[in-house]
Every structure is written in C-alpha cells, then in structure tokens.
1. Under 11 Å from the Cβ of VAL106, count the other residues' Cβ atoms, weight Lys and Arg +1, Asp and Glu -1, and hand me the total.
2. Once you place label points 7 Å from the Cα toward the Cβ at ASP130 and LEU108, how far apart are they in nm?
3. Run the helix sum for the chain: -39,500 (n - 2.57) per DSSP H stretch of 4+ residues, divided by residue count, reported at 222 nm to the nearest 500 deg cm²/dmol.
4. Decide, for the chain, between rounded, prolate and oblate: order the square roots of the alpha carbon gyration tensor eigenvalues as a ≥ b ≥ c, take rounded if a/c falls under 1.5, and otherwise choose prolate if a/b is larger than b/c, else oblate.
5. Determine the relative contact order of region 1-60: mean sequence separation of Cα pairs under 8 Å and six or more apart, normalised by residue count, in whole percent.
6. How high is the FRET efficiency between ARG99 and ASP120 when r is their beta carbon distance and R₀ equals 22 Å, given to the nearest 0.05?
7. Just grab the label-to-label distance for HIS140 and LYS235, each label 7 Å out from Cα along the Cβ direction, in nm (one decimal).
8. Would you grab the residues whose amide H sits under 5 Å from the one on ARG217? Only those 5+ places off in sequence or on another chain, please, with H modelled 1.01 Å from N.
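None of the figures in this text is laboratory data; all of them are computed from the coordinates on show. Keep in mind that what you see is a predicted model, and the values were worked out from it rather than measured. Positions of Cβ are backbone-derived with ideal geometry, glycine not excepted, and every protein chain shown enters the neighbour counts.
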Amino acid sequence: MSVIRTNQLVKTYVTGTNEVHALRGIDLTIEKGELVAIMGTSGSGKSTLMNLLGCLDSPTSGSYDLDGVRVETMGKNELAAIRNQKLGFVFQGFNLLPRTTALENVELPLLYDRSGRKLDTRALAVAALDRVGLGDRLDHQPSELSGGQQQRVAIARALVTSPALVLADEPTGNLDSRTTIEVMSLFQELNEEGVTIVLVTHEPEVAIYAKRVVEVRDGRIVRDEPVKNRRSANKDLFELDERSAA
C-alpha cells in the first residue's frame, strides 16, 4: 500500500512580480515499509517537498494522497488533524521543550489528539521511550541528555502516535559522526519493524543507510533508485568500536 502518492505536485511562491518555482511537477510514490532518503542541495526544492509531504504547506497544483487520504485541498484545521494522526516529525534541532522531562515531551502529541484513540498517554510514552532505548531516562530534562539522547527522545515523540509515516528533516545535522551512525542504526531497526521513514538529508554518508534515494534538483526529481552498496549502521558501529579498542 502506498503511504505517499503525489501526482504533478507544483509549488510556486509569488512575491510582488517575482515567481519562484520551487517544485515543478513531482511524481513520487513511497510504499509502506520503505526507508527513503530525499537528497538535494540548498535551493533544490527538497525542503519545500518535505513541507508538502508533512502537510505543513499546500501545493499550488497537483494531488497528494497520504495513507489513502487526499490532502492537497484540506484547510488548516484538517491538515493539523492529519499531521497529528498520520505523521511523526523528527527535526535537526530536536525541538524539545527545555524544562520538561523526556516523558512529558513524548506525551505531548497525544495530548493534542482529539480522536479519542489514545487513552493511557503515559503508558504509550513510556513504551515509545523504551523502544528507542531510553526507558531509564524518563524523568531527565533535555539539558541532562546528550545530543544523541535528545534526538532519541524526538524519535520516540514521533513514534508515540503510531503514525503512518515518520518524516525526518536533517535528523543528524547537529550530531557528531558516531552519534549520526547511532541514530541511523535506530532508524534502520525501526524500519525493520515496519516503520515507514522518509528522511531529508544533503549528506551522502547518511543517505547510504537508506534503502532508496530520491534526488531533487531545480524542483524536479532527477534520480530515484535503490541505494547501491547500502551500509548497516550496526556493523559500522561495531567496526568503530573495534578500531577504538585496538
């Protein structure tokens, strides 16, 4: 089943007499269970595409189906509800509330869920933190956690609503190389469990852990293919430890 299906997605920004063609007809299908890296340089259109896929903006024209729901004609309130029900977000800057525990940060999306689906929000938040290996850090505030741990809290927050899709925008941009591999190891593990993940990155060394890479240039998809010589983040971590111990 397709989690994402776009047809001729166009986004044009108009400022005065200027028109900026950010996306020029994007056809993209992502199936359930994929781990896809969207790549592109600054100004390529990848961030605009991420905003449209995340229902943070609406296209100028074209259609977008998210997990079987047509979303491009929805208003702001409908888009907010769809984001809460179908999407989990992970950002470069973690976006955690500073004087709030890991547990409370992860619980937050459940408090905005008006569908009545989620009853025991604490238990769901604990389970999500367990899933990312932070079951012993429930009461820690972000300032008491490393960068990698903060990103794991953010990933747990993205997972807690059981979304159809996790969207990660430059999720390793603020992390050192070892922590980057640790986070990609977690994404690979979650993907093996069936979580559909789309991550936006400009780093080939991050995209190499995905199953498929989609490259955007000048508002168009110029490459869409399986990742050649895909790497295992767990294996890379093991080799790092071996070299450190030598």
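1. Result for the local shell: +2.
2. 2.4 nm
3. Helix-only estimate at 222 nm: -10500 deg cm²/dmol.
4. oblate
5. 36 percent.
6. Step by step, r from the Cβ atoms, then E = 0.35.
7. 3.0 nm
8. Counting only residues 5 or more places away or on other chains, the set is VAL222.
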